[in-house]
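Take a look at the structure set out below.
The values are calculated or read from the model by the stated rules, or taken from the named source; none is laboratory data. None of these values were measured; they are calculated from a predicted model. For neighbour counting, all protein chains shown are included, and Cβ atoms are generated from backbone atoms with ideal geometry for every residue, glycine included.
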């Protein structure tokens, strides 16, 4: 630098703080994230062997599924099997959501500090809900198929448990966020715990609860696609059937059809949920 | 009799006034009725028409208990190690999948945020995200099977691709919820769009977005068990084999238990980390010195500020000033 | 009607909100409590219906000792004690009538509550309460559609529906403008007189306290520092209670003096 106007009377450098190291949480957190990814991604006994090179190589490979896309058999969409499959999926989802919603409501209420009459019940219900949530719907389906045979019933049961888990979790999240004012006033007039929950808590969570139920209906529709693979009914059985027989042209057509149905229901559901909230 | 707010009316006038106010009639709630009736009809119609064999229904309780018994009495822990390995594989698929989804959705989330980009860009980005959200994972899985075979990588890819949609949408919502102040300040200082994003937006949204990733990871753990059912690996494949094919009930019971336990553990850890990320590094501020001063304008909820997680919980007395 | 004997409240954090307060209120009295924020007004009021349990000392309502730990007894007591809140505390999503009916909860069977079928007698009482506060035409209106003053009147109706012996009001006019504040205070006063209900009101504004109270109780830092007739309470008295000189924020109507 050329002769600049003299800097202000020299401050000792020690007045300027050194840049602090990143907070330990962030540091260790980021390292942990990266380490975890590497460990789990690598190709060793405990990793999954992820390799971009492999993917690239394989993209060019003969892909019968994509071939099926080239000449889609749309007529299959009108076949009775397929229509029955769609209908069954819809029925399964509806029954599971309604029944699941009914059971989930008290579970959600008990799963919150405001709604539970005492700590013991709260802890018990909380653990119970976590437990139910930890089991994916397909596993329920596999179990019930093995226990009572194939058909739509195992599928309904599996979706039922899934619905209870999802609706209860989402609803109990909002129960803790309600306005406590009416709760206090209900208590102040001598209401019992149940009465307080019904008059002060329930009206506040009803819109959210209904919205979650609709959302769960969608999840159930999509879930039933997979359940069919293990024999639990719905459109998934059609998928599984066509896949195993190699009828890719029909498979893709049905999959696309399914996708369209899901999409339409999704749009409707979003519109209705917006109006509710 | 009610006292009228303005004195000065004669008694006769007051009498007339209170008689003139008639009690309203209870209105007929159309909305509620339609909803209830629709739901009931829906339920009965679907129950009646669904193709369920009643014999299955009748046998349900007894069979369930029977097989649960086979699974857990007595418990068989010899299979535990293979179950744990399989579960780790599922965790791996879920994690890698989530990372893939996170990486791809990250830029998309910005593009889909109305406070950062113009309408056409946002619209396009949102349609892309919606597409990914609508397609069920199973579809991606089927499409990918010929490419990468029946392996964990396939599942990871499928999970990753199907996570893009939700992560992108929720990420965009987080971004739209930030404070505009810092962005404005950066613009006023002459920052270009990318710089504004880098310095004003990203620091605000990173904690919540990372928390989103962890939340999606929890969901993907369940999805990977499901996806594994087609045979691509992980705990899903193991369980399907043990329950569905070879009917080794005791081993299945152990596998199921391992799956639940590990899922719950990971859920708890992930939940703690998420809360910690969002809360930030400050511990609950110690206001012991200020305990004497109490906030004004008390409502039932406002009270002397407390340290950390203490304070009345639920059924106890509310703590007001 | 209400008796405090050496009542003290210490919150879990160590804050002592009430220090050895002894007080006796008779039936049908209209008592106003004044004091700075944090002086213990809310605590005192909530000790009457057990929302805040006493750490030591006794509070009695009628013959009954207020014991927050006896769940059944405290609920029965609360049914006889109506409470009006600063923030109205209405269930916004439901009708005015349903809100008022909440005052009858203790006397309603649980199954009726769950289904939402109150007895005709209860509905009649609720309607009468609404007529009393002159808002009955809004009985089926959603609570969130009312103004602040109207919501507070619904809160009063809810307390009335309990057919209480005592009514507690915690800063009932805090979120209201001056004309509405006067309306509410007038309603409370007339209710107290006509129905012979003991009324205990927390007030922040000293001019309101003086205008409507029969008796004024002053708290400072948890201690009882004044207990006398309202007309005897002038500026000096209030200054003593507050422990500082008065400001414009202490009165509702900025013009005029105490």
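Using the structure shown, decide if residue B:90 is at pLDDT below 85, within 11 Å of another protein chain (Cβ to nearest Cβ) and under 33 Å from the mean Cα position of the chain (by Cα). Steps first, answer last, please.
Numbers: at pLDDT below 85: no; within 11 Å of another protein chain (Cβ to nearest Cβ): yes; under 33 Å from the mean Cα position of the chain (by Cα): yes.
For residue B:90, the condition - at pLDDT below 85, within 11 Å of another protein chain (Cβ to nearest Cβ) and under 33 Å from the mean Cα position of the chain (by Cα) - is not met.
Screening residue C:131 with (1) at the interface with another protein chain (Cβ under 8 Å from one of its Cβ atoms); (2) within 20 Å of residue C:83 (Cα to Cα); (3) touching a residue at least 12 places away in the same chain (Cβ under 8 Å) gives one miss only, at (3). Here B:201, B:174, B:128 are screened, and the one residue that is under 15 Å from residue B:111 (Cα atoms), at pLDDT 85 or above and out of contact with any helix residue (DSSP H, G or I) (no Cβ under 6 Å at 6 or more places or on another chain) is B:128.
Take the residues in the stretch A:18-39 that are outside any helix (DSSP H, G or I) and more than 10 Å from chain B (Cβ to nearest Cβ); name whichever of them is farthest from the chain's Cα centre (by Cα). Steps first, answer last, please.
Of the residues in the stretch A:18-39, the ones outside any helix (DSSP H, G or I) are A:18-23.
Right, trim to more than 10 Å from chain B (Cβ to nearest Cβ) and you get A:18-22.
Working: A:18: 46, A:19: 42, A:20: 40, A:21: 38, A:22: 34 Å.
Among residues in the stretch A:18-39 that are outside any helix (DSSP H, G or I) and more than 10 Å from chain B (Cβ to nearest Cβ), the one farthest from the chain's Cα centre (by Cα) is A:18.
Among the residues of the stretch A:215-234 satisfying the criterion of being more than 10 Å from every other protein chain (Cβ to nearest Cβ) and assigned to a loop (DSSP other than H, G, I, E, B), which is nearest to residue A:271 (Cα to Cα)? Only one residue tops the list, namely A:234. Residue C:152 satisfies every condition listed in (1) surrounded by fewer than 19 Cβ atoms within 10 Å (Cβ to Cβ); (2) away from chain B (no Cβ under 13 Å) except (1).
For the stretch C:79-149, which fully contained helices (runs of 4 or more DSSP H) count at least 3 residues that are surrounded by fewer than 22 Cβ atoms within 10 Å (Cβ to Cβ) and over 22 Å from the mean Cα position of the chain (by Cα)?
Numbers: elements: C:96-101, C:110-115, C:120-132.
Counting at least 3 such residues, we get C:110-115, C:120-132.
All conditions in (1) surrounded by fewer than 17 Cβ atoms within 10 Å (Cβ to Cβ); (2) within 30 Å of residue A:37 (Cα to Cα) hold for residue B:75, with the sole exception of (2). Within this structure, residue C:3 passes the test of being closer than 22 Å to residue C:196 by Cα, more than 14 Å from chain A (Cβ to nearest Cβ) and either surrounded by 21 or more Cβ atoms within 10 Å (Cβ to Cβ) or free of Cβ contacts under 8 Å to residues at least 60 places away in the same chain (or both). Only one of the listed residues (B:143, B:116, B:111) is at the interface with another protein chain (Cβ under 9 Å from one of its Cβ atoms), over 19 Å from residue B:222 (Cβ atoms), touching a helix residue (DSSP H, G or I) at 6+ places or on another chain (Cβ under 8 Å) and modelled with pLDDT under 90. That residue is B:143.
Determine whether residue B:105 is part of a helix (DSSP H, G or I), in contact (Cβ under 8 Å) with a residue 12 or more places away in the chain, away from every other protein chain (no Cβ under 14 Å) and touching a helix residue (DSSP H, G or I) at 6+ places or on another chain (Cβ under 7 Å). Walk me through how you get there before you give the answer.
On the way: part of a helix (DSSP H, G or I): yes; in contact (Cβ under 8 Å) with a residue 12 or more places away in the chain: yes; away from every other protein chain (no Cβ under 14 Å): yes; touching a helix residue (DSSP H, G or I) at 6+ places or on another chain (Cβ under 7 Å): yes.
The answer is yes for residue B:105.
Of all residues being touching a helix residue (DSSP H, G or I) at 6+ places or on another chain (Cβ under 6 Å) and closer than 25 Å to residue C:153 by Cα in the stretch C:34-51, which is nearest to the other protein chains (Cβ to nearest Cβ)? Just the residue, please. Walk me through how you get there before you give the answer.
In the first step, residues of the stretch C:34-51 are kept if they are touching a helix residue (DSSP H, G or I) at 6+ places or on another chain (Cβ under 6 Å); the result is C:34-36, C:49-50.
Of the ones still in play, those that are also closer than 25 Å to residue C:153 by Cα are C:34-35, C:49-50.
Working: C:34: 14, C:35: 10, C:49: 6, C:50: 8 Å.
Residue satisfying both the conditions and the ranking: C:49.
A count restricted to the stretch B:237-255 and to residues that are more than 7 Å from chain A (Cβ to nearest Cβ) and part of a helix (DSSP H, G or I) stands at 12.
Does residue A:262 meet the test of being facing another protein chain (nearest Cβ under 10 Å), under 16 Å from residue B:133 (Cβ atoms) and touching a helix residue (DSSP H, G or I) at 6+ places or on another chain (Cβ under 8 Å)? Here the answer is yes, as residue A:262 does meet what is asked. Count of the stretch C:56-68 residues, restricted to those that are in a loop (DSSP other than H, G, I, E, B) and either surrounded by 21 or more Cβ atoms within 10 Å (Cβ to Cβ) or more than 11 Å from every other protein chain (Cβ to nearest Cβ) (or both), is 4.
When restricted to residues that are more than 8 Å from chain A (Cβ to nearest Cβ) and either modelled with pLDDT under 90 or more than 15 Å from residue A:181 (Cα to Cα) (or both), the stretch C:87-100 contains 3. Only residues that are touching a residue at least 24 places away in the same chain (Cβ under 8 Å) and in a helix (DSSP H, G or I) were counted across the stretch A:243-277, and they come to 18. In the stretch B:247-265, the qualifying residues are those that are out of contact with any helix residue (DSSP H, G or I) (no Cβ under 6 Å at 6 or more places or on another chain) and surrounded by fewer than 19 Cβ atoms within 10 Å (Cβ to Cβ), and the one that is farthest from residue B:70 (Cα to Cα) is B:265.
Where in the stretch A:45-120 are there helices (runs of 4 or more DSSP H), lying fully within it, with 2 or more residues that are farther than 24 Å from residue A:214 by Cβ and either outside the structural domain of residue A:162 (by TED's automatic domain parsing) or at pLDDT below 70 (or both)?
Working: elements: A:52-59, A:64-70, A:80-110.
Per the criteria, A:52-59, A:64-70.
Here's a check for you: in the stretch C:9-24, which residue that is under 20 Å from the mean Cα position of the chain (by Cα) and surrounded by 15 or more Cβ atoms within 10 Å (Cβ to Cβ) is farthest from the other protein chains (Cβ to nearest Cβ)? For the stretch C:9-24, the residue satisfying everything is C:23. Taking the stretch A:132-214 and the helices (runs of 4 or more DSSP H) fully enclosed by it, the elements with 2 or more residues that are closer than 30 Å to residue A:276 by Cα are at A:152-175, A:180-188, A:193-196.
Please work out if residue A:117 is within 14 Å of chain C (Cβ to nearest Cβ) and either surrounded by 23 or more Cβ atoms within 10 Å (Cβ to Cβ) or closer than 27 Å to residue B:52 by Cβ (or both). In short, no.
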